[in-house]
Each structure stands twice: as C-alpha cells, then as structure tokens.
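A quick write-up on the structure given underneath.
The values are calculated or read from the model by the stated rules, or taken from the named source; none is laboratory data. Small disclaimer: the values here were computed from a predicted structure and weren't measured. For neighbour counting, all protein chains shown are included, and Cβ atoms are generated from backbone atoms with ideal geometry for every residue, glycine included. SASA here: full protein model, heavy atoms, side chains in, ligands and nucleic acids out. Shrake-Rupley method; radii C 1.70, N 1.55, O 1.52, S 1.80 Å.
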Amino acid sequence: MSGTLKRESPSKSESSTCQLLARYFGAAPEPMLWAVAPPADAWLVENSSGVVSADAGMREQWQRAGKIAQSPFGQCVMPDDARVVLFWPKAHQLGVWWLTWLCAHLPPGTPLAFVGEHQGGIKRVPKVLAELGLACDKLDSARRCSLFVTRTEPLDQPSDAAWVAFEALDLTLYSHPGVFGHGKLDDGTALLLETLATALPAQTQRILDVGCGDGIITAWLARRGHDVTAVDISDFAVEAARKTLEANALTGRVVASDVYHAIDQERFDLIISNPPFHQERDIHYGAAGRLISEAPHHLTRGGQLILVANGFLPYPERLAQAFGGFEILADNRRFKVYRAGSR
Ligand SMILES: C[S@@+](CC[C@H](N)C(=O)[O-])C[C@H]1O[C@@H](n2cnc3c(N)ncnc32)[C@H](O)[C@@H]1O
C-alpha cells in the first residue's frame with residue numbers, strides 16, 4: 001500500500017477516518033478503495049470504486065455517484081486488486097462480525113485494512129486479530145484515528161454466530177450487533193405497544209412500521225392479525241425482523257428502505273413508529289422529520305400516524321405542521337405517544 005500523493009481531489013474528506021485515509025493513500029488512491037461499513041463522506045464516495053454497507057441510504061449515495069454498492073446480505077464480489085478498508089464500528093461485536101464476514105468473502109491472503117477513531121475502539125483491533133491468529137501491521141495514525149492492515153485467512157468462526165434470540169411480550173425476537181436496542185425491549189416501544197393495545201381499531205389494518213429494528217412492533221401487530229409492512233434502513237434490522245416473524249410463525253413484508261423511499265406511492269391505514277433520532281454522536285431529526293412530513297402522502301383517507309418519542313424531542317411542531325394538529329395518547333414523563341390523523 002503506497003502513501004504517495006497523486007493529485008488534488010475536488011472533494012474534501014469530512015470524517016477524521018477518511019482524512020487519515022486521504023493522507024495515507026494520497027488524494028486519488030490507485031487502484032481505488034473498496035469501503036466496507038463506511039461513514040457518509042463525499043471524498044470517500046469520489047475516491048472509492050465500491051462500497052459494502054448494511055445501510056441502504058449509504059448504498060444509495062454510492063449508486064448516485066455511479067459506483068458499485070453491495071449489501072453483505074446480497075451478492076458481493078470485490079475485485080482482486082481492490083484496497084479493501086473496513087471502517088471499524090463503535091459496536092465492537094459488529095466489527096468482529098464484519099472481520100469474520102470479510103475473511104469468508106475475500107480470497108485468503110487478501111490485504112484488509114482497518115481504520116477507526118481511537119475513541120471508537122480501533123486500538124482493540126490488533127488484539128482481536130491476534131486472538132483470531134491473524135497478523136497485524138500499523139500503517140498510520142493521525143487525527144485520533146489509526147490504520148492497520150492484515151491479510152485474510154479462513155476462520156473457524158461462522159459470521160452468523162452473532163445472532164441472538166430473546167423473549168419479550170410473549171414474542172421471540174432476533175437481534176444482531178448493530179440492531180437498535182440489541183437484545184432488549186426499548187422502554188419507549190413498550191409504552192407504544194401498551195397504548196396500542198387499546199387504541200387500535202378492531203378491524204384488520206394495513207400498517208407500515210417505519211424503522212422496524214428487530215421487528216418487535218411488526219410482530220406484535222402481525223400477531224393481532226394486521227397486514228404489516230416493515231421498513232428499516234439497516235440490513236441487519238431487516239434480517240432481524242424477518243427472523244423474528246419466522247420465529248413466531250407470523251407473516252409480514254420487510255423491506256430495506258430509507259424511510260418511505262422503497263415503498264414509493266403505497267398508502268396505509270396506519271403508520272406506526274418508534275422513530276430514529278440518534279446518528280453517531282449527534283442528534284439528527286432528518287429521518288424522523290421526513291417520516292412525519294411525508295406521512296400524509298402515505299396514509300389512506302382517515303389514516304393515522306402513531307409514534308412514540310422522548311418527551312423533549314420537537315415532534316409536536318412537526319406533527320402540527322404536517323397534520324394541522326395531533327393528540328397525546330400516553331405520557332409517562334419520559335416518553336409520549338402521539339397520534340395525528342390525515343384529513
Ligand atoms: C428507535 S429504533 C426503533 C426500532 C424498533 N422499531 C423498536 O421499537 O425497537 C429506530 C430504527 O430506525 C431505523 N432507521 C434509522 N434511520 C432510518 C431511515 N432513514 N429509514 C428507515 N429506518 C431508519 C434504525 O435502524 C432503527 O432500527
């Protein structure tokens with residue numbers, strides 16, 4: 001791997017991990033990088049030939065730039081000369097999963113680089129590699145990030161070993177490192193379901209669960225006979241929700257989608273959600289904002305949006321803007337359940 005600067009790149013890297021890659025590989029690495037589980041970064045999109053990401057929104061960014069975007073749960077082929085770089089995630093077990101997955105999907109002996117922030121746990125990578133019997137060289141360190149490299153080898157450990165099953169509300173739920181709440185029922189979701197037990201119409205409803213995570217809301221609704229479609233931006237969540245439905249002998253449709261993106265013009269009687277608002281260390285209202293503002297276009301006449309949220313989040317204004325009003329179905333001081341109806 002060479003550290004020579006080739007030419008100026010028009011896009012600047014936004015994340016510190018990509019700044020380290022830009023410094024190490026040069027502004028235009030040749031052959032190009034193959035980014036695995038990366039953050040959003042314009043420089044990286046421009047200076048990589050492909051991405052493997054479990055985030056449907058991330059894959060869209062690469063596709064829009066004419067690059068190859070693959071899901072670890074789909075067909076994945078990386079060229080022999082690709083410089084594969086795994087962005088080590090904060091969830092350690094998820095990093096181990098990606099490492100195991102890459103060892104299973106790349107030919108033995110393929111150079112595999114790891115980059116990550118010191119506070120995100122990248123410094124544990126040499127120990128992880130040693131435990132798996134893999135070599136490790138440090139390539140660079142700057143901006144509170146480090147870059148390591150190893151060579152892939154077949155491992156004994158199967159990459160599906162990280163799935164866990166747990167019980168909640170009389171349902172068997174499947175989860176994986178990286179899935180929201182990993183292995184436990186969220187308090188906000190518990191309040192939402194307790195509220196829905198009395199607030200739902202008796203007749204079968206066509207329902208959309210936005211941000212399904214492990215599928216708890218979807219399975220709970222499907223068990224009551226509703227026709228449920230679940231969407232989540234994370235493939236790990238999509239897989240988890242599918243496994244959850246199967247484990248409980250329930251049916252439902254689960255789709256990888258950035259909010260409403262993959263369900264296009266479809267309309268539902270109810271949209272139900274414990275919406276996302278955490279992304280990395282920042283609080284983002286982007287996905288939740290779109291969930292609320294675009295909801296009226298995805299509801300049938302008289303349809304309703306029901307969501308649970310931390311009481312401090314600014315959803316009342318957004319609901320009032322999109323629907324002209326709303327009601328609070330439950331409030332336990334930490335969480336509120338809101339209902340707004342389409343006109
Ligand atoms: C607060 S969690 C709720 C998970 C699950 N419904 C529950 O109640 O435990 C929010 C979910 O939204 C997903 N998510 C984040 N951004 C999204 C987006 N843009 N489109 C769809 N889902 C998204 C996350 O992956 C996460 O699973």
**OP:** Take the alpha carbon gyration tensor of the chain, find the square roots of its eigenvalues, order them as a ≥ b ≥ c, and report rounded if a/c is under 1.5; if not, report prolate when a/b exceeds b/c, else oblate.
**Re:** prolate
**OP:** Can you tell me how much longer the chain between Q265 and E60 gets when fully stretched, taken as 0.36 nm per residue apart minus their C-alpha distance, in nm with one decimal?
**Re:** 71.9 nm
Subject >> Residues with amide H under 5 Å from that of T110, placed H, sequence gap 5 or more >> reply: T152
**OP:** Please give the net charge around A130, taking every other residue with its beta carbon less than 15 angstrom from that of A130, where Lys and Arg add +1 and Asp and Glu add -1.
**Re:** +2
**OP:** Would you mind calculating the relative contact order of the chain from Cα pairs under 8 angstrom and at least 6 residues apart, reporting the percent as a whole number?
**Re:** 11 percent
**OP:** Calculate, for the chain, the solvent-accessible area per residue in square angstrom, rolling a 1.4 angstrom probe over the heavy atoms of the protein chains.
**Re:** 46 Å²
Original post:
How long is the gain from Q93 to L313 if the chain were fully straight, where each residue apart is worth 0.36 nm and the alpha carbon distance is subtracted?
Top reply: 76.2 nm
**OP:** Could you state the angle between the C-alpha long axis of helix 16-25 and the longest principal axis of the C-alpha atoms of the chain, as a value from 0 to 90 degrees rounded to the nearest 10?
**Re:** 30 degrees
**OP:** With a/c under 1.5 counting as rounded, go ahead and sort the range 44-166 into rounded, prolate or oblate using the C-alpha gyration tensor (a ≥ b ≥ c being the square roots of the eigenvalues; past the cut-off, prolate if a/b is larger than b/c, else oblate).
**Re:** rounded
Original post:
the range 50-146: which trypsin sites (Lys or Arg not before Pro) are DSSP loop and have at most 16 other beta-carbon atoms within 10 angstrom?
Top reply: K90, R143, R144
Original post:
Of A91, A237, A165, which has the largest mean-square fluctuation in a 10 Å C-alpha GNM of the chain?
Top reply: A91
Original post:
What are the trypsin sites (Lys or Arg not before Pro) within the range 243-332 that DSSP puts in a loop, where the Cβ has at most 16 other Cβ atoms within 10 Å?
Top reply: R267, R281
**OP:** Kindly identify the range 75-124 as rounded, prolate or oblate by the Cα gyration tensor criterion: order the square roots of the eigenvalues as a ≥ b ≥ c, call it rounded if a/c is under 1.5, otherwise compare a/b with b/c, prolate if a/b is larger, else oblate.
**Re:** prolate
**OP:** State the percentage of accessible surface on the range 62-134 attributable to carbon and sulfur atoms; use a 1.4 Å probe and exclude ligands, DNA and RNA.
**Re:** 53 percent
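So if we plug the beta-carbon distance of S293 and V255 into 1/(1 + (r/R0)^6) with R0 = 35 Å, what FRET efficiency do we get, rounded to 0.05?
Once rounded, the FRET efficiency stands at 0.95.
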Original post:
What residue among G57, G181, G116 has the largest mean-square fluctuation in a Gaussian network model of the chain, using Cα springs under 10 Å?
Top reply: G181
Original post:
Across the range 40-56, in residue order, what do the Karplus-derived ³J(HN,Hα) couplings come to in whole Hz, using 6.51 cos²θ - 1.76 cosθ + 1.60 with θ = phi - 60° and x for Gly and Pro?
Top reply: 6, 7, 4, 4, 5, 4, 5, 9, 10, 8, x, 9, 10, 9, 8, 9, 4
**OP:** Quick one: pull the percent of accessible area on the range 187-320 belonging to carbon and sulfur, 1.4 Å probe, ligands and nucleic acids left out.
**Re:** 47 percent
Original post:
Given H placed on each backbone N at 1.01 Å, which residues far from C212 in sequence or on other chains put an amide H within less than 5 Å of it?
Top reply: V231, D232
Subject >> Karplus-derived 3J(HN,Hα), 6.51/-1.76/1.60, for each residue of the range 114-121, Hz, glycine and proline x >> reply: 10, 10, x, 7, 4, 6, x, x
Original post:
Which is the longest stretch in the chain that no exposed loop site breaks, taking sites as chymotrypsin sites (Phe, Trp or Tyr not before Pro) with a DSSP loop state and at most 14 other Cβ atoms within 10 Å?
Top reply: 74-311
